[in-house]
Structures are given as C-alpha cells and as structure tokens.
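The values are calculated or read from the model by the stated rules, or taken from the named source; none is laboratory data. Here the structure is a predicted model, which is why all the values come from computation and not from measurement. Glycine also receives a Cβ, built like all others from the backbone with ideal geometry; neighbour counts cover every protein chain displayed. Heads up: the accessible areas ignore ligands, DNA and RNA and are worked out on the full protein's heavy atoms, side chains in. Shrake-Rupley method; radii C 1.70, N 1.55, O 1.52, S 1.80 Å.
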Amino acid sequence: MNAPRLEIDLKKIHHNAKTLVERLALKGIAVTGVSKAALGAPELASVLMKAGVSGIGDSRIENIEAMRRSGISSHMTLIRSPMLSQVDRVVASTDVSLNTELEVIKGLSNASQKAGLVHGIVLMVEMGDLREGIMLRNVDDSVREILDLPNIVIKGIGTNLACRSGVSPDDENMAELSRIACKTEAGFGLKLDVISGGNSANLQWALGGSDTGRINNLRLGESILLGRDPLNRKQIRGLFTDAITLIAEIIESKTKPSLPWGKIGQTAFGPAVPASDRGDIQQAILAIGHQDTDPGGLSPPELLEIIGSSSDHLVVGCKQSFVSVGTEMTFQLNYSALVRSMTSPFVAKHYLPIE
Ligand SMILES: *Cc1c(COP(=O)(O)O)cnc(C)c1O
C-alpha cells in the first residue's frame, strides 16, 4: 500500500460523531459537523450525516464545492467569513455563512438577488477571543442594516472561542450570547433559529451540567476526528482517539552515535536542538517530513522516539531492537499534524469503510 498514508477509520469517526450528537441532543444542542480538517472529503461528510449532524460546515468554499460535486446535498454552512471576491460561489453552494462584515453581507445580498436565491446569515459576535466577530455594541445597528437587505435572512447569531487567544467558553460568556439572542429577538421581532455557541472547545461547558440557555448549536471538527478536547487535549470519555492514524515507511536503519560531530550551525528548520550523549543508538529514518506533516504533532509507537526531522525525513531512535528497511510505523496525530497531512499531496488517504 502507499506510504506515507493516513488511515481514516470511518466506523470510529461515525461512533465519535454519533456519541457527541446524542450527548448534546439531551441538552437541546444540534451539531454542525466540520469537515475542513479533511478538506471536505465526501466520505467524511456522508458519515457525519449518517451520525445525525444537522448539517456540514467548512471554512473553504473549494471544499464545499467539492462536496456538492460529489453529491453531498446536506445543509451547508461556510464557517469563515466569505471573501468579497467569492460571494457568488458562496450563495451558489451554501445555505448559510457566518458573517461579521456588512460590506460582505451586502455582496452576498447582491449575489443572491442575481442568482434568484435567498442566503442565510449567522452573525458572529466577539466574546473575547479576538478572532472574528462584531463588537457587542454594534449588534443592534448591524441587525438593523441586514434586515433591510434583499435576499438575505438572519438565521441566527454565534461566537467562536479558544482558537486565537485560548479564551474558554464558560457560564458567563455563553449566558451573554443567550442574552444577546433574546434581546435581538425582542428588539426586532425576530426568531433566531441558530444560536451557535462555538467549536469543540465548548464541549466541557456544554456537557458539564451548566444551564446551556439558548445555545442550540455547536460546530464540531477536532473532537469528532481526534476524540480529544482541544482545551486540554485529553481523551473525551467514550470516544476513539485513533480514528485517524499516519503510517510511514522506514528507508534507513543503522547504528549511529547519538551526538553529531563537526561545527554546529542552524538546521533546515532553525537552530539545532542540542542532543545528549547516549553513546551509539539504533537510528532509523522514515520517509516523511515537514512537507507531509507537523513532526512535532506526532506520537510515535511505544518503542520509537522522534529525535529529528527535516523536509522529507523523520529521524527516530529505536529503544529496543533493530527495525528493518521497508517496515511501516504507525503514528497518532494532533490537530496540527492532521491538517498538514490531509493537505499534503504526498500523503495518501485511505478510508476504512463504515461496514
Ligand atoms: C474550525 C472551526 C470550527 C471547528 O473547530 P473544531 O475545534 O475543529 O471543533 C468551528 N467554528 C469555526 C468558525 C471554525 O473556524
């Protein structure tokens, strides 16, 4: 089989998604399944839908268009503010987009009018993480202006936390979002369908026994794919953390000294990390590197230790016996390693079917 490759176990992903959908349903919260880490793979989108998500979300219009082309007909949300240059494509392929700029929403309105469509808007509110979102004091004015735009409907409000600054979702900021929802509905005589509290980092809060108020949607990617809570990277109870693994092949295996010799300058990727002298070690090289993954985000199998990496090489120390050339090794990935491997054309994607 091709190496390196990602092995993507759709049965385990289905289990993870279904488990989260069921737990959140008890709180009245629906799940938008986020496909961006898998580049909008239709195999993933189908499994998420089968697991009961209310729709698919992706941050890139290219991924959404690819899903549409392969026949994914589910409710589709663009979860990054549309580029002004892409509004025509956004209204053509999505039902809803998350927005923060009036200029862009006007563009979406024009594009929808031209295409004879109606486009839904979820207005993103800034709650402290300082990534996307309009400031609280501007919510009313924005809503007023959006209501005047033809072929646009305000579907709801949302926020995003824990991505740029690590601000955690908690009772306070989530209650604030609920309050804004109620106030907006009362002030404008609206009914907001979607109150989207955030991403996988919201799970601890949402499932932790707090009153979830008006929050009725979360957008989940990492927790479904990796089974971990992004706030502490711990396993979420009952979920698989090995639904996706990375497999690479050994191309050199030799006994070498643990210390380099000669005058030490910088490496291909910055200053050299000083090594400690452990005498001779069993060193192996795998045919994978920075161009294929984030080496710092890989967890090796038990008897291997990652001791170096460059564009195309991952150097490992073998704690016990000699490993022969041609042997495949399986690694677990964090989110950074996952998105980079998914995006590398050198890494094959092998989907293990759901049944
Ligand atoms: C990526 C993203 C998500 C999903 O985040 P995960 O941590 O993968 O669950 C949700 N919302 C927005 C706006 C995003 O950009």
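If a residue has to be on the phi > 0 side of the Ramachandran plot and either near the ligand (Cβ under 10 Å from one of its atoms) or without any contact (Cβ under 8 Å) to a residue 40 or more places away in the chain (or both) to count, how many in segment 37-54 make the cut? Going through segment 37-54 one residue at a time, the tally reaches 2. Among the residues of segment 271-280, just one is closer than 13 Å to Ile306 by Cα and either open to solvent by less than 50 Å² (accessible area, probe 1.4 Å) or touching a Pro at 6+ places or on another chain (Cβ under 9 Å) (or both), namely Ala275.
Among residues of segment 218-233 that are open to solvent by less than 10 Å² (accessible area, probe 1.4 Å), those with a Cβ under 6 angstrom from a residue that is near the ligand (Cβ under 10 Å from one of its atoms) and hydroxyl-bearing (Ser, Thr, Tyr), sequence gap 6+ or separate chain, pair up as Leu220/Ser200; Ser223/Ser200. Mind checking whether some residue in segment 25-36 is part of a loop (DSSP other than H, G, I, E, B), open to solvent by less than 50 Å² (accessible area, probe 1.4 Å), within 15 Å of the ligand (Cβ to nearest atom) and closer than 22 Å to Asp193 by Cβ? So far as segment 25-36 goes, yes, one or more of its residues are part of a loop (DSSP other than H, G, I, E, B), open to solvent by less than 50 Å² (accessible area, probe 1.4 Å), within 15 Å of the ligand (Cβ to nearest atom) and closer than 22 Å to Asp193 by Cβ. Can you confirm whether Leu314 is within 28 Å of Gly221 (Cα to Cα) and either open to solvent by less than 30 Å² (accessible area, probe 1.4 Å) or touching a Leu at 6+ places or on another chain (Cβ under 7 Å) (or both)? Taking the combined requirement at face value, the residue satisfies it.
The requirement of being open to solvent by less than 10 Å² (accessible area, probe 1.4 Å) and in a strand (DSSP E or B) is not satisfied by Val143.
Please determine, by comparing only the residues of segment 166-207 that are among the polar types (S, T, N, Q) and in a loop (DSSP other than H, G, I, E, B), which one is farthest from Leu231 (Cα to Cα). Even if it seems obvious, please write down each step before you answer.
Of segment 166-207, the ones among the polar types (S, T, N, Q) are 168, 173, 178, 184, 196, 199-200, 202, 204.
Add one more test, that the residue is in a loop (DSSP other than H, G, I, E, B), and what stays is 168, 199.
Details: Ser168: 8, Asn199: 11 Å.
Here the answer is Asn199.
Scanning segment 158-184 for residues that are surrounded by fewer than 20 Cβ atoms within 10 Å (Cβ to Cβ) and aliphatic (A, V, I, L, M) returns Ala162, Val167, Ala175.
Give me the residue from segment 208-217 that is touching a residue at least 24 places away in the same chain (Cβ under 8 Å) and either assigned to a loop (DSSP other than H, G, I, E, B) or aromatic (Phe, Trp, Tyr) (or both) and, out of that set, nearest to the ligand (Cβ to nearest atom).
Ile215
Taking the criterion of being small (Gly, Ala, Ser) and out of contact with any helix residue (DSSP H, G or I) (no Cβ under 6 Å at 6 or more places or on another chain), the residues of segment 148-179 that qualify are Gly156, Gly158, Ser165, Gly166, Ser168, Ala175, Ser178. The number of residues in segment 255-270 being open to solvent by less than 90 Å² (accessible area, probe 1.4 Å), outside any loop (DSSP other than H, G, I, E, B) and more than 21 Å from Glu305 (Cβ to Cβ) comes to 0.
Among Ser168, Ser196, Ser178, which is touching a residue at least 12 places away in the same chain (Cβ under 8 Å) and more than 23 Å from Asn232 (Cβ to Cβ)? Walk me through how you get there before you give the answer.
Working: Ser168 fails: more than 23 Å from Asn232 (Cβ to Cβ); Ser196 fails: more than 23 Å from Asn232 (Cβ to Cβ).
Only one candidate passes the filter, namely Ser178.
Under 23 Å from Gly33 (Cβ atoms), among the charged types (D, E, K, R), assigned to a strand (DSSP E or B) and open to solvent by 10 Å² or more (accessible area, probe 1.4 Å), is that true of Arg131? Give the derivation first.
Working: under 23 Å from Gly33 (Cβ atoms): yes; among the charged types (D, E, K, R): yes; assigned to a strand (DSSP E or B): no; open to solvent by 10 Å² or more (accessible area, probe 1.4 Å): yes.
Answer is no for this residue.
Among what's in segment 55-85 and is touching a Leu at 6+ places or on another chain (Cβ under 8 Å), in a helix (DSSP H, G or I) and open to solvent by 10 Å² or more (accessible area, probe 1.4 Å), pick the residue that is farthest from the ligand (Cβ to nearest atom). Checked segment 55-85; the qualifying residue farthest from the ligand (Cβ to nearest atom) is Ala66.
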